[in-house]
Every structure is written in structure tokens, then in C-alpha cells.
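Trainee: Here it is: the structure, laid out below.
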Amino acid sequence: MKKTSHRDLMALAVDKARETMNQNIGGPFGALIIDKDGTILSVASNSVLKDHDPTAHAEINAIRLATQKLGTHDLSECILYTTAYPCPMCLGAIIWSNIKKVYYGCNAMDTDDIGFRDEFIYDFIKKNANDKTILDLEEQERTYCLKLFKEYQEMNKQLY
């Protein structure tokens, strides 16, 4: 099997992003996931505007498609290509899916330069998520909810 270049793989993500961007489905964000053998598992773009879903980022959509195709939530040994440095939400999803390698095109400053607002979320996290003007987080009913967690633990359910 011929090895596909980074440029060829990124071009697929760019082409998908351009297609849906021109259809007003989402922004200039595309992503794809390959397995350890280089087989393409998914190619997706941002569909926030079409889906009216703020979580429908290209990386999230690509992860959803790949996990459905493989029938697992674990994308260990997979590689993700994306047209831009992943936002905080996407970084979390990438880490939760066990992807260990990401190739990105544009950096976070490039995204900021065209008006996307990831930087304030990075700042919020760096400041221990303690800025109530962005998000007011308040613990309530911990003891009550801990019972549920203990039930789960006692059932020896799968951790992920």
C-alpha cells in the first residue's frame, strides 16, 4: 500500500471544510482520522450552523464517525488531522478518545485572527475555571450524587 503524505491527508480535510463552508454548514474546519495502517476511517467538517449544535466541530464529528465505524469508543493507535489547532472542547474529546497524535494546519492565533473565540476559554481554564462572568460553577448536592458514583463503582462497570 502506498503511504499517503501529510499533504494528501490534510488536503482531504481542507476540501471537506471548503465544501461545507461554502454551503454555510460551518466554518473552515475539517478533520479526518486514520488508523495505524493509514486507512481513512472518517472525514468530517464543522457543521455547527447546519446542525444548530455548538459541539458539532470537525474533530468531534470525525471522532463520532470513526467510533461508529469501528464500534468502539477507543481510538488508540489512530491519528487525527485537522485544519486548525483543536479548541479546548475538541482537545478534551481527542484525549478522551485515546488519540495520541494530531496533525493540525492553522495555529490558535490564526483562528483568533479570523474572529473565532477560543482564547477566552483557554484563559478561563488557566485561571482554574474561576471567572463567573464566563461561567458560574457551583457545587450542589455532592453527597446525594456520590451515592450514584459509588453504585457505579460497586457494579464494577467499565471505566473509560
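The values are calculated or read from the model by the stated rules, or taken from the named source; none is laboratory data. Worth saying up front: this structure is predicted, and the values here are computed from it rather than measured. Cβ atoms come from the backbone with ideal geometry, glycine included; neighbour counts cover every protein chain shown. Please note that ligands, DNA and RNA were not included when accessible areas were found on the heavy atoms of the full protein model with its side chains. Shrake-Rupley method; radii C 1.70, N 1.55, O 1.52, S 1.80 Å.
Trainee: If you take the residues in the range 91-116 that are without any contact (Cβ under 8 Å) to a residue 12 or more places away in the chain, part of a helix (DSSP H, G or I) and within 20 Å of GLY26 (Cβ to Cβ), which one is least open to solvent (accessible area, probe 1.4 Å)?
Mentor: Filtering first and then ranking leaves GLY92.
Trainee: Within the set of pairs 6 or more residues apart or between chains, which connect a residue that is within 11 Å of THR83 (Cβ to Cβ) and free of Cβ contacts under 8 Å to residues at least 24 places away in the same chain inside the range 17-32 to a residue that is open to solvent by less than 90 Å² (accessible area, probe 1.4 Å) and not aromatic (Phe, Trp, Tyr) with Cβ atoms less than 8 Å apart?
Mentor: So the pair list comes out as ARG18/PRO28; ARG18/GLY30.
Trainee: Quickly run through the range 125-160 and pick out the residues that are part of a helix (DSSP H, G or I), exposed (fewer than 10 other Cβ atoms within 10 Å of the Cβ) and acidic (Asp, Glu).
Mentor: Passing the criteria: only GLU154.
Trainee: Looking only at residues in the range 71-85 that are out of contact with any strand residue (DSSP E or B) (no Cβ under 7 Å at 6 or more places or on another chain) and more than 14 Å from LYS100 (Cβ to Cβ), which one is least open to solvent (accessible area, probe 1.4 Å)?
Mentor: THR72
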